[in-house]
Amino acid sequence: MNLRFHPYTLELRHRFTLATSSRTSTPSILTEVEQDGIIGYGEASMPPYLGENVESATQFLNLVQLPDIKSSADISGILKTVDALVDGNTAAKASVDIALHDWIGKAEKKPLYSMWGLDPTKNPVTSFTIGIDTPEMVIEKTKQASAFKVLKIKLGRSDDKQMIEAIRSVSNQPLFIDANQGWTKKEDALHMIEWLSSKNVQLIEQPMPKSQKEDMAWLKERSPLPLIADESAQRLSDVESVVQLFHGINIKLMKCTGLNEARAIAAKARKLELKIMLGCMTETSCAISAAAQIASLSDWCDLDGALLIKNDPFKGAYLSNGSIIPTDLPGLGLTKI
Ligand code: MG
């Protein structure tokens, strides 16, 4: 099995502002695996706060040597070996995982979801992210997002209420809130969540810094809305540690090394009675189509990543009735543009 890769800069449609940073592009690496004349596509998206970059991912991918695949049963063992090469590099590892899964689906001439017995018509509706901006721009972006059945709003700054009021002046769509660890006092966080619960908000992602575990446990006891771990939980080994602190977990392929581990996290979360959100970074249709294969395992979806970029090199999963649905082509269902 041959592995190739090259850097690719994702150009964002709008400047993307979070509680702690702001940017207009996201570095990524596109991977290809090839065996028996079949090519599988993968991707590593590396927003700066994750700690990976083109250089570190390149260094890692240069270490990866893939054996030939004879059946789909080989994949999880190969990915275990890849994961064991170094700590970290979760996005680079995901780019290998995604490419191998695309390859095996193509080799078996089946969409991945059907190989896994999943039904994408059950994919929950996806949220569409409205980034932090001036109230005028927020109103404009909200108007443009009327096709989406849920909006995701990034909070965690001093003007949080103003943002919500701006959105509510033009839209009653349900909201997911992501504070990105931006609320640092538990009492203030609780007041904000109580206020938000009267504004048709469905969930709160990562209200407080991941280091404030006791405060999160306090907040979970009292929150009228479900609290979802994002920065607090990345890998399968983190899942158990958030049970006392959150009601659910946001699974992202780039944090957890790809589809193989994402499915394991979903199974473990269900066992521990945690709710499941399936999220993404800004990504091309490659990684979004990968997530779309398993979205029916989740309670809430946030798979707008490919809609936020203007230079998507793939066509794949698409918006249908508010949900991101994979095509019925083999593997991830991608076409290269
Ligand atoms: Mg988040």
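On the given criteria, is Ala179 in contact (Cβ under 8 Å) with a residue 24 or more places away in the chain and open to solvent by less than 20 Å² (accessible area, probe 1.4 Å)? Yes. Restricting the stretch 251-282 to residues that are of a type in the set (Val, Ile, Thr) and within 16 Å of the ligand (Cβ to nearest atom) leaves a set whose member that is modelled with the lowest pLDDT is Thr282.
Please find, within the stretch 23-53, the residue that is nearest to Lys109 (Cα to Cα) out of those that are of a type in the set (S, T, N, Q) and over 18 Å from the mean Cα position of the chain (by Cα). Across the stretch 23-53, the extreme among qualifying residues is Gln35. Condition check: within 16 Å of the ligand (Cβ to nearest atom) and in contact (Cβ under 8 Å) with a residue 40 or more places away in the chain. Does Gly248 satisfy that? So Gly248 passes the test. Do any strands (runs of 3 or more DSSP E) lying entirely in the stretch 214-301 carry at least 1 residues that are within 27 Å of Tyr8 (Cβ to Cβ) and open to solvent by 10 Å² or more (accessible area, probe 1.4 Å), and which ones are they? Here the list reads 248-252.
Residues of the stretch 31-66 that are in a helix (DSSP H, G or I) and either among the hydroxyl-bearing types (Ser, Thr, Tyr) or open to solvent by 10 Å² or more (accessible area, probe 1.4 Å) (or both): Pro48, Tyr49, Leu50, Val54, Glu55, Ser56, Thr58, Gln59, Asn62, Leu63. Residues that are more than 13 Å from the ligand (Cβ to nearest atom) and touching a residue at least 40 places away in the same chain (Cβ under 8 Å) within the stretch 199-224 comprise just one, Gln202. Out of curiosity, is Gly88 modelled with pLDDT under 95 and under 24 Å from Glu231 (Cα atoms)? For Gly88, the condition - modelled with pLDDT under 95 and under 24 Å from Glu231 (Cα atoms) - is not met.
The values are calculated or read from the model by the stated rules, or taken from the named source; none is laboratory data. All of these numbers come straight from a predicted model, not from anything done at the bench. Ideal geometry is used to build each Cβ from the backbone, glycine not excepted, and the neighbour counts take in all protein chains shown. Ligands, DNA and RNA are excluded from the accessible area calculation, which covers all protein heavy atoms including side chains. Shrake-Rupley method; radii C 1.70, N 1.55, O 1.52, S 1.80 Å.
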